[in-house]
Amino acid sequence: MNFNWLTDIGLTHYLTVSVVIFSLGIAVILAKRNAIAILMGIELLLNAACLNFVAFSHFGNGAQSGQVVAVFIIVIAAAEAAVALAIIVCVYRMFNLIAVDQIAKMKE
Amino acid sequence: MDTTILISSIILFLPLVAFIVQIHIGRFFKREGDWLPTSAVGIGLLLSLYLFATMLGTHPTEHGAGLKPVMQEWEWIRAGSGLGLLDIRFGIYVDNLTVVMLVVVTLVSFLVHVYSMGYMHGEERYNRFFAYLGLFTFSMLGLVLSSNLLFVYIFWELVGVCSYLLIGFYIHKDSAAAAAKKAFITNRVGDLGFLIGILITVGVAGSTMFSDVFASVATGMWDNKTIHLTSGLSVSLLTFAGLLMFMGPMGKSAQFPLHVWLPDAMEGPTPVSALIHAATMVAAGVYLVGRMFPFFTGPGFFQGNFFDSPVLLSIALIGGFTAIMAATIAVAQTDIKKVLAYSTVSQLGFMMIGCGVGTFAFALFHLFTHAFFKACLFLGAGSVIHAIHSQEMCDMGGLRKKMPVTYWTFLISTCAIAGVPFLSGFYSKEGILTQALAYAFYHGHSPQWFVYALPFIFGICAAAFTAFYMFRIIWLTFHGHPRDEHKYEHAHESHFAMAMPLVVLSFLAIVSAGILPGILTGKAKSDAHEAKAAHAVSEFWFVNYISPAALVESMPAGYEWVGGKLQPRTAKEQNFLKIQESKAVAEMHHCHTQAHLPTLLASIFVASLGIFLSWLCFLGPWHSKNLVRGPLKAYHKVLVNLYYIDWFYLKTVVALTYLASKICGWFDHTVVDFLVNMWGWITVRTSDVAGKVDYYGVDGTVRMTGAVTLKLGQKSVKIQTGRVQDYIALSLMLVVLVLFVFMLLV
């Protein structure tokens, strides 16, 4: 039985981890009712993407552009978190709750 | 425009204007506007009398005396060109005959208007009655003033319509409605023949103008034209057209066998009866025969021979038969108006005898005198009816003490119609009978001499009966003892509006032939002497003005219509239109001289005999003997049933019409209605199918589109939850889907 795939860490492994993280993120976003938890899910998505970029960059043609994008993503994630939290605060002020399933104002 | 034409136009159109105003807004006027038609006709009367005076005042010439005829025509229809030119003009034509008729019509009409003010007082639709009288007068005036046959026909029909309106004036009475219909339909039969006659005349002469028609007869346009009725039987077209055209007068002037409407026309108000019987309706037929006399006579007329025409013989025989038939029926009638009605039929028969035997001048003179005494008789009868509210003579009797004015005027008129010497009716009737006897003498050596003698025999017998039944009215109504005491007590003399016309008319019944002519003939003779034309002046005043010569000479036949102007005809053409002296005229003159004295004596004898027998039967010694139950029972029954003529019509014409109507009704009901119903059924079915297609097909598609859209909307609105997570899940699914599709494609 060949267990090389366990020892020889390659691009597939990274991508697999990334897919798992991304899927977890999606699941969190769809399943969680708390807005802050959803925000966390979004962070997971960003991180999965980030991991992809880095992995492709590492196993790619040697160019370091992927690394750079990863840095950008981290920055954007931070900014996004700030903005999202601010929105959540506003939402809380308005509705006195942050359970997104109970807020259906967009329907109107 | 000529003054005479202008005056005639005013006479003609005043009653029309009065009618139009009266029928529309008459009821708003004071006294419901009765003064309006009355004054219109009154002015017409004054103008007619002016024309009459002018006519009498002219100097006689070799062609007779009177007005120079005038004619004015206005274009009415002009179409086509060349031989196919249709040129119909409305024209007014005035000659002596017209003037005499104008006087008769306006005078009687005016008096009837005045009388109606009293008689119809308080009746329903009083204003309408006067409007109809006005229209009636207008129609009759138009008839006598028209210059061509077509307009005569138009006014002829208008007269028929007016008689319909007035006979059926009491619209709530079924009998009046039936009588009006009977009058109209019976007249229609005659009018059909008249119309065909006119059409034949137009076909041959190319014109309906009197002078052109006469010219066509004179210039031989009718020669060698025959019509084949059946194989072997053919008559000349002129005779055929003449007989057809005579059907018109037969209907209007109530000649056998179309006389049945006139007695029924008594259903109308009494003034209308007077108007119809004296001046307007029945006079139209006699007028037309007089006016068209040269046409009925044929080419012989222009040789002065009025005695050989088959058409005229037919007219004389029909007239004679009508005279004796109606006179005998009148004897058995008990309704005072019915007696007078049959008396009119009988007198019209006399006029037709006159026309037929060649003396249309005396026929028209009889019309002239008859108008006065018959109007007086009718108005007198109306006065009696008004007083005792019954038309049956069995309710009357002894009224002379209660109603002296009515009695005396009625008596004078009765004497006039019975032929008592020196009253107007005597002269006119005697003139006709003399000519009838002369006619019989003239044809004395013909193998069928008896046929030619019939008009005189009929006439003289009818004269006897006339005296008999007219005095029967006098005895039964005004003499003897009252048969109904109650009604007698309430009888009273009529007031002024009704009495005045009676007096005027009875005065005219005396003077119109006896005294007036004495003066006029004297004057005419002295005038003629001055004009060195004494030979042309007849002993009798009326004949000076109305004579065959005058009829043709006076026609503007010397002119024809060329390029919108009257142009003289050539001398050769004009020559045809002069009556030449001939052997026939001389022979007839001889016969006439022979016939004069016997007729005079016979007339006086039969009149006295009639009056005497009448006195004997109804007032004198035979009064108590009930003749009608005894020896004369069978004949009386025939008379009461009007010789079964009405019965015969009822059983044949009317029954056949009903039968035909029933067959048509059956056909209509079963065949036509079936087809219509079937067609309806098919349409309904088709519509049903079309409706279903429309409902389910077209509407279904439209509604389905709506429903689908609605459903889709209802479904898709559920996506719009408002919850962020749903949106995210949806977008994700779509991304996955897009990627999946993309992968498949790549």
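Worth a mention:
- Restricting the range A:68-108 to residues that are free of Cβ contacts under 8 Å to residues at least 24 places away in the same chain and touching a Phe, Trp or Tyr at 6+ places or on another chain (Cβ under 6 Å), the residue that is nearest to A:GLU43 (Cα to Cα): A:ALA70
- Looking only at the range B:131-157, and only at residues there that are more than 18 Å from B:PRO15 (Cβ to Cβ) and among the aliphatic types (A, V, I, L, M), the one that is surrounded by the most Cβ atoms within 10 Å (Cβ to Cβ): B:LEU149
- Residues in the range B:158-197 that are crowded, with 18+ Cβ neighbours inside 10 Å and among the charged types (D, E, K, R): B:LYS182, B:ASP191.
- If the condition is being among the β-branched types (Val, Ile, Thr) and away from every other protein chain (no Cβ under 14 Å), then the range A:39-54 contributes only A:VAL54.
- Residue in the range B:686-707 that is at pLDDT below 95, at positive phi and either surrounded by 10 or more Cβ atoms within 10 Å (Cβ to Cβ) or not polar (S, T, N, Q) (or both) present: no
Rundown of residues vs (1) touching a Cys at 6+ places or on another chain (Cβ under 9 Å); (2) assigned to a helix (DSSP H, G or I); (3) under 30 Å from A:GLN102 (Cβ atoms), yes/no style:
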| residue | (1), (2), (3) |
| --- | --- |
| B:THR670 | no, yes, no |
| B:THR686 | no, yes, no |
| B:VAL689 | no, yes, no |
| B:VAL698 | no, yes, no |
| B:MET704 | no, yes, no |
| B:LYS715 | no, yes, yes |
| B:ILE719 | no, no, yes |
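Here is a yes/no grid of residues against (1) surrounded by 16 or more Cβ atoms within 10 Å (Cβ to Cβ); (2) within 14 Å of another protein chain (Cβ to nearest Cβ); (3) on the phi < 0 side of the Ramachandran plot:
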{"residue": "A:THR16", "(1), (2), (3)": "no, no, yes"}
{"residue": "A:LYS32", "(1), (2), (3)": "yes, yes, yes"}
{"residue": "A:ALA37", "(1), (2), (3)": "no, yes, yes"}
{"residue": "A:PHE56", "(1), (2), (3)": "yes, no, yes"}
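- Filter result for B:TYR727 (among the aromatic types (Phe, Trp, Tyr) and away from chain A (no Cβ under 14 Å)): no
- Test: residue in the range B:442-454 that is surrounded by fewer than 24 Cβ atoms within 10 Å (Cβ to Cβ), under 21 Å from B:LYS487 (Cα atoms), of a type in the set (Gly, Ala, Ser) and at pLDDT below 80: no
- Meets criteria (out of contact with any Cys (no Cβ under 6 Å at 6 or more places or on another chain), surrounded by fewer than 24 Cβ atoms within 10 Å (Cβ to Cβ) and aliphatic (A, V, I, L, M)) for B:LEU313: yes
- Residue in the range B:661-679 that is among the basic types (Lys, Arg), more than 14 Å from chain A (Cβ to nearest Cβ) and over 60 Å from the mean Cα position of the chain (by Cα) present: no
- From B:LEU288, B:LEU317, residue being within 29 Å of B:PHE110 (Cβ to Cβ), part of a helix (DSSP H, G or I) and modelled with pLDDT of 80 or more: B:LEU288
- Any hit, the range A:91-100, residues being more than 14 Å from every other protein chain (Cβ to nearest Cβ), outside any loop (DSSP other than H, G, I, E, B) and surrounded by 11 or more Cβ atoms within 10 Å (Cβ to Cβ): yes
- Number of positions in the range B:390-422 that are within 25 Å of B:LEU367 (Cβ to Cβ) and part of a loop (DSSP other than H, G, I, E, B): 4
- Scan of the range B:365-409 for residues that are more than 17 Å from B:MET470 (Cβ to Cβ), within 29 Å of the chain's Cα centre (by Cα) and of a type in the set (A, V, I, L, M, F, W, C), ordered by number: B:PHE365, B:LEU367, B:PHE368, B:ILE385
- When residues of the range B:328-356 are limited to those that are among the polar types (S, T, N, Q) and over 25 Å from B:VAL451 (Cβ atoms), the one surrounded by the fewest Cβ atoms within 10 Å (Cβ to Cβ): B:THR334
- Test result for B:LYS711, among the basic types (Lys, Arg), within 14 Å of chain A (Cβ to nearest Cβ) and loosely packed, with under 12 Cβ neighbours inside 10 Å: no
- Inside the range A:67-90, residues that are surrounded by fewer than 14 Cβ atoms within 10 Å (Cβ to Cβ) and within 14 Å of chain B (Cβ to nearest Cβ) make up a count of 1.
- Sole residue being in a helix (DSSP H, G or I) and touching a residue at least 60 places away in the same chain (Cβ under 8 Å), chosen from A:ILE38, A:ILE29: A:ILE38
Conditions (1) closer than 30 Å to B:HIS386 by Cα; (2) modelled with pLDDT under 90, marked per residue:
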{"position": "B:VAL114", "(1), (2)": "yes, yes"}
{"position": "B:HIS121", "(1), (2)": "yes, yes"}
{"position": "B:GLU124", "(1), (2)": "yes, yes"}
{"position": "B:ILE167", "(1), (2)": "yes, yes"}
{"position": "B:ILE171", "(1), (2)": "yes, yes"}
{"position": "B:ALA177", "(1), (2)": "yes, yes"}
{"position": "B:LEU192", "(1), (2)": "no, no"}
{"position": "B:PHE214", "(1), (2)": "no, yes"}
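- Where B:TYR649 falls short, out of the listed (1) over 30 Å from A:LYS107 (Cα atoms); (2) without any contact (Cβ under 8 Å) to a residue 24 or more places away in the chain; (3) not β-branched (Val, Ile, Thr): (2)
- Here B:MET393 passes the criteria (1) closer than 30 Å to B:ILE315 by Cα; (2) in contact with a strand residue (DSSP E or B) (Cβ under 9 Å, 6 or more places away or on another chain) except the one numbered (1).
- Scope the range B:465-475; condition of a type in the set (A, V, I, L, M) and surrounded by fewer than 24 Cβ atoms within 10 Å (Cβ to Cβ); matching residues: B:ILE474
Per-residue answers, yes or no, for (1) over 15 Å from the mean Cα position of the chain (by Cα); (2) buried (at least 24 other Cβ atoms within 10 Å of the Cβ):
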site: B:PRO269; (1), (2): yes, no
site: B:ALA278; (1), (2): no, yes
site: B:ALA284; (1), (2): no, yes
site: B:PHE321; (1), (2): yes, no
site: B:ALA326; (1), (2): yes, yes
site: B:GLY358; (1), (2): yes, yes
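- A:MET106 part of a helix (DSSP H, G or I) and either away from chain B (no Cβ under 14 Å) or over 22 Å from A:LEU30 (Cα atoms) (or both): no
- Residue among B:ALA655, B:ALA602, B:ALA586 that alone is farther than 29 Å from B:ILE336 by Cα, assigned to a helix (DSSP H, G or I) and at pLDDT 80 or above: B:ALA655
The values are calculated or read from the model by the stated rules, or taken from the named source; none is laboratory data. If you're wondering where the values come from, they're calculated on a predicted model, not measured in any experiment. Because the Cβ atoms are built from the backbone with ideal geometry, glycine has one as well, and the counts that use them run over all protein chains shown.
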